[in-house]
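Colleague: Below are the structure tokens for one structure; questions will follow.
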Amino acid sequence: MLPEDAEMMVESPPADASAEEAPPAAVLEEAPAEAPAAPAQVTEAAPAEDAGPPDKKDWYIVKVQSGREDTIKDAIIRKVKIEQLEDCFGQIIVPVEKETVIVNGKRKVRTRKLYPGYIFTQVEFNDRILYLFRETSGVGDFVGAGPNRVPTPMPRHEVEKMLIKQLPTEQAREQVGKVVIGFDKGDRVRVRDGTFAGMEGEVKEIMEPRDAKEAPRVRVELTIFGRPVPVEVEVWQVELP
């Protein structure tokens with residue numbers, strides 16, 4: 001789901017979990033006084049694992065005042081800290097891209113916003129988060145939200161594409177690296193997006209990208225007009241049937 005006037009392009013950091021170790025339980029067996037003491041036998045209780053509550057954060061699109069995306073982003077981050085809502089808040093991104101322009105005969109690289117008037121945020125949607133955003137100057141509302149209607153989170157594949165292109169390489173790898181390719185060479189998959197959407201074929205190759213910010217690509221052999229045709233698509237564009 002993308003803003004109506006824009007076309008979408010792409011785990012949030014896991015919640016902190018503190019594991020408490022149970023103190024080891026020792027059992028000591030003693031021999032009779034007349035005999036030498038037998039070696040102590042110690043058994044340790046397995047450490048108790050506390051994985052913490054499940055992460056309920058999803059990515060949403062928020063309508064904001066155009067031209068103020070960055071200042072609104074900073075204001076929301078400050079308010080999250082003031083209201084101590086870090087547990088419900090993950091990330092907030094203003095998607096941008098770099099473009100090369102010629103100014104006075106010189107080549108310059110500048111940054112432009114991909115979706116003016118929108119920000120993308122990862123939150124656990126609840127009344128406190130909704131109130132925080134709505135009470136921030138310049139914020140409209142969550143896209144898809146309405147009276148007695150909660151907004152729909154962004155589809156997973158759109159989140160992956162955005163994170164790959166917007167986050168620094170290592171952070172993108174950490175977040176999108178959680179993108180698990182659920183199929184392998186030789187598996188039959190269905191194309192779910194693009195020109196060949198709905199068609200099924202066999203995975204011939206999974207190709208790692210040359211640029212770390214790009215998604216892996218998959219070569220799939222489809223049958224078109226009765227003939228096998230190899231096509232290349234991004235990994236998020238196919239799924240197991």
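No value in this document is a laboratory result; all are computed from the given coordinates. None of these values were measured; they are calculated from a predicted model. Counting neighbours? That spans all protein chains shown, and the Cβs are built from the backbone with ideal geometry, glycine included.
Colleague: Return the tail of the calculated pair distribution for segment 58-176, meaning the percent of Cα-Cα pairs more than 24 Å apart.
Modeller: Roughly 31 percent, rounded to a whole number.
Colleague: Pulled fully out, how much extra length does the chain show between THR195 and ASN148, if you take 0.36 nm times their separation in residues and subtract their Cα-Cα distance?
Modeller: 13.2 nm
Colleague: Label-point separation (nm) for LEU240 and ARG134, each offset 7 Å from Cα along Cα-to-Cβ?
Modeller: Result: 4.2 nm between the two label points.
Colleague: Let me ask something else about it. Cross-link candidates for LYS185: which lysines have Cα within less than 16 Å, leaving aside residues fewer than 8 places away along the same chain?
Modeller: LYS204
Colleague: Below 8 Å, C-alpha to C-alpha, sequence gap of six or more: please give me the relative contact order for segment 188-239 in percent.
Modeller: Values: 95 pairs, mean separation 17.4, N = 52.
Once divided by the residue count of segment 188-239, the mean separation gives 34 percent.
Colleague: Okay, moving on. Output the pairs from LYS81/LYS161; LYS79/LYS161; LYS56/LYS161; LYS113/LYS161; LYS73/LYS98 with a Cα-Cα distance over 22 Å in this structure; if there are none, say none.
Modeller: Table pairs above 22 Å Cα-Cα are LYS81/LYS161; LYS79/LYS161.
Colleague: Once Rh for segment 188-239 is found with the Kirkwood sum over Cα pairs, what is the Stokes-Einstein diffusion coefficient at 4 °C and 1.567 mPa s, in µm²/s?
Modeller: For the chosen part, D equals 117 µm²/s.
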